[in-house]
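In what follows, a single structure is set out as C-alpha cells and then discussed.
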C-alpha cells in the first residue's frame, strides 16, 4: 500500500487521499476489533458491517479515480478485465469471504462466523492491491495464527483443543501484506 500511495501521490491526488483515508480507517478498525476479539472472542457486526460500506466506497472511488486519471497505466493493466480496480476490490472481497465460509462450513468449531464476515472486508483492501496481496495476506494470517498456537502449546498455556481469537491474525496478515511492494 505504501508503494501504491507513492504512485497515487505523483499521478492522482484525489485517489491518494481516498486510499489514505481507507488506510486510516483500516488502522482504527483493526485496533478496535483486535482488542474486542482478544477480550471477548467476538467480532461485532456493528463494526464489521459498516466497514464494508466505508472501505468499499473509499477503495472503489480511489480505483475509479486512479483508473480514469492520466498518467502511466497501473502495473497490472495487462491482465485485462480482472485488472480493473473495481473488479479486483469486489472479487477480492467475494473470494476471501467464500474461502473463509468454506473453512467454517467444513469445520465449524475451527472458525467463527465473525471471521468469515471480517474476511470480506479484508478482501476489499487486499483485492485493491492485487491478487498477490490477496494470497499473501491470507497466508500470513494463517502463518501468524499457527505460530501463536505453537507458542501457546510450547508454553503449556493451551492445548490442541484451545480456541484462539483469529481476527487479530487476519488483521495482522492483511496489514503485513499491505506493506509489501506491488
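Let me understand the stretch 113-164 better: what is its radius of gyration from the alpha carbons, and its Dmax, in angstrom?
13.8, 40
Counting other beta carbons within 10 Å of each residue's own, what order do 169, 135 fall into, fewest first? Before the final figure, lay out each step's value.
Working: 169 23, 135 13.
Sorted ascending by nearby Cβ count, the order is 135, 169.
Run the simple label-point estimate for residue 102 and residue 142 please: 7 Å along Cα→C-beta, distance reported in nm.
For residue 102 paired with residue 142, the spin-label model returns 1.0 nm.
Mind sorting 140, 150 by how few other Cβ atoms lie within 10 Å of their own Cβ, fewest first? Please report the intermediate quantities before stating the final value.
Working: 140 19, 150 11.
In order of increasing Cβ crowding within 10 Å: 150, 140.
Relative to the longest principal axis of the C-alpha atoms of the chain, give the angle of the C-alpha long axis of helix 2-11, reported between 0 and 90° and rounded to the nearest 10°.
20 degrees
Report the equivalent ellipsoid semi-axes for the stretch 80-161 in whole Å, largest first, defined as the square roots of five times the eigenvalues of the gyration tensor built from alpha carbon atoms. Present the calculation step by step, with values, prior to reporting the outcome.
Details: eigenvalues 168, 41, 13 Å².
Square roots of five times the eigenvalues give 29, 14, 8 Å.
To test your reading of the geometry: what angle, between 0 and 90 degrees and rounded to tens, separates the Cα axis of helix 85-106 from the longest principal axis of the chain?
Approximately 10 degrees, to the nearest 10.
Hey, how many Å between the Cα centroid of the stretch 86-161 and the Cα centroid of the stretch 18-60?
For the stretch 86-161 versus the stretch 18-60, the Cα centre distance is 15 Å.
With the crude spin-label approximation of a point 7 Å out along Cα→Cβ, what separation in nm comes out for residue 10 versus residue 160?
According to this spin-label approximation, the distance is 5.3 nm.
For the chain, compute Rh as the Kirkwood radius over C-alpha pairs and then the Stokes-Einstein diffusion coefficient at 4 °C and 1.567 mPa s; write the answer in µm²/s, rounded to an integer. Before the final figure, lay out the partial values.
Numbers: Rh = 16.8 Å.
The estimated diffusion coefficient comes to 77 µm²/s.
Can you tell me the orientation of helix 13-40 relative to the chain, as the angle in degrees between its alpha-carbon axis and the longest Cα principal axis, to the nearest 10?
Result, in degrees: 10.
Arrange 100, 128 by Cβ neighbour counts within 10 Å, fewest through most, would you? Numbers along the way, then the final one.
Working: 100 25, 128 28.
Arranged by neighbour count, lowest to highest, 100, 128 become 100, 128.
Each value in this text was obtained by applying a stated rule to the coordinates, not by laboratory testing. This one's a predicted model, so the numbers in the text were calculated from it and none came from an experiment. Glycine gets a Cβ as well: all are built from the backbone with ideal geometry, and neighbour counts include every protein chain shown.
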